[in-house]
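Reading through the structure tokens given below for one structure.
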Amino acid sequence: EKDDPGLLAELETSLKTGVFKGIGEISVVHFPSGGFPEADFDPLGALMRGIMGLAERYRVPVNVHCEITRLGEFKGLLDSFPAVPVIWAHGGYTPYFLARRMIEAHPNLTYELSARSYLNHPRSPDYTIFQNAREVWPRWLELIEAHPRRFIVGTDGSQRRLSSDQIKIDRVRLLLSQLTPPTRALVAAGNIMRLIGN
């Protein structure tokens, strides 16, 4: 049952321990890919609202994977819970103009860049924010520099192969190397540490 209240009770039990500093990644809307069936749940549904309510009560961020096919509902969720920090997994793989629009419209949104630095994403080569093998598009760098407290990096799920993980890490480092030192410090670690209360 997708709106099973037992899930919320289990989540609250975990949050009460104080061990957990965030919730997610929650695949509310996820396109099908290798090893992942399609998920398409209402971002404004009862379960997601319950999760956000717990996040607000326990003052933890929520990491949400929501594709742009449900962008309207996702915006509604952000507006309904303005006190909850939401980390948007992979930034919904949005193009630049939507990334900028979402960052500017939703102060509680943090745009997570994992998988956006891959040169050849397995789902689509258009997901990268790199204009070539070495350089991030200047407009993306400008957006991150304009909102340095609103972006974080990541590597996405491990493929459980050292060579694959090393490529991901190298690509993240390449992205970070193109940011100014103050912005780099925030995007690399400062922002996520602030979000989890450390």
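The values are calculated or read from the model by the stated rules, or taken from the named source; none is laboratory data. Nothing here was measured: the structure is a model prediction, and the numbers come from that model. Every residue, glycine as well, gets a Cβ built from its backbone with ideal geometry; the counts of neighbours run over all protein chains shown. Note: accessible area is taken over every heavy atom of the protein model, side chains too, but ligands, DNA and RNA are not part of it. Shrake-Rupley method; radii C 1.70, N 1.55, O 1.52, S 1.80 Å.
The figures follow:
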item	result
Residues of the stretch 1-41 classified as open to solvent by 90 Å² or more (accessible area, probe 1.4 Å) and assigned to a strand (DSSP E or B), total	1
The stretch 103-150: number of residues that are over 16 Å from the mean Cα position of the chain (by Cα) and β-branched (V, I, T)	1
Out of Y118, Y58, Y93, sole residue that is among the aromatic types (F, W, Y), closer than 27 Å to R139 by Cβ and touching a residue at least 40 places away in the same chain (Cβ under 8 Å)	Y118
Leading residue by the ranking (most open to solvent (accessible area, probe 1.4 Å)) among those in the stretch 129-139 that are part of a loop (DSSP other than H, G, I, E, B) and farther than 14 Å from A115 by Cα	R134
D126 being under 27 Å from L54 (Cβ atoms), open to solvent by 60 Å² or more (accessible area, probe 1.4 Å) and in a helix (DSSP H, G or I)	no
Residue that is over 15 Å from W88 (Cβ atoms) and at pLDDT 95 or above, where the choices are G34, G45, G53, G18	G53
Single residue of L98, L47, L78 found to be open to solvent by less than 30 Å² (accessible area, probe 1.4 Å), farther than 24 Å from G190 by Cα and either of a type in the set (S, T, Y) or part of a helix (DSSP H, G or I) (or both)	L98
Positions within the stretch 140-166 being in contact (Cβ under 8 Å) with a residue 24 or more places away in the chain and part of a helix (DSSP H, G or I), in sequence order	W140, L141, L143, I144, E145, P148, R149, R150
Residue under evaluation R100, criteria (1) modelled with pLDDT under 95; (2) under 17 Å from the mean Cα position of the chain (by Cα); (3) not hydrophobic (A, V, I, L, M, F, W, C), criterion not met	(1)
Residue list for the stretch 131-152, restricted to those being of a type in the set (A, V, I, L, M, F, W, C) and at pLDDT 95 or above	V136, W137, W140, L141, L143, I144, A146, F151, I152
Output for the stretch 170-187, where each listed residue is in contact (Cβ under 8 Å) with a residue 12 or more places away in the chain and either assigned to a loop (DSSP other than H, G, I, E, B) or open to solvent by 50 Å² or more (accessible area, probe 1.4 Å) (or both)	Q178, L179, T180, P182
Residue that is surrounded by the fewest Cβ atoms within 10 Å (Cβ to Cβ) [pool: residues in the stretch 50-75 that are in a strand (DSSP E or B) and aliphatic (A, V, I, L, M)]	V62
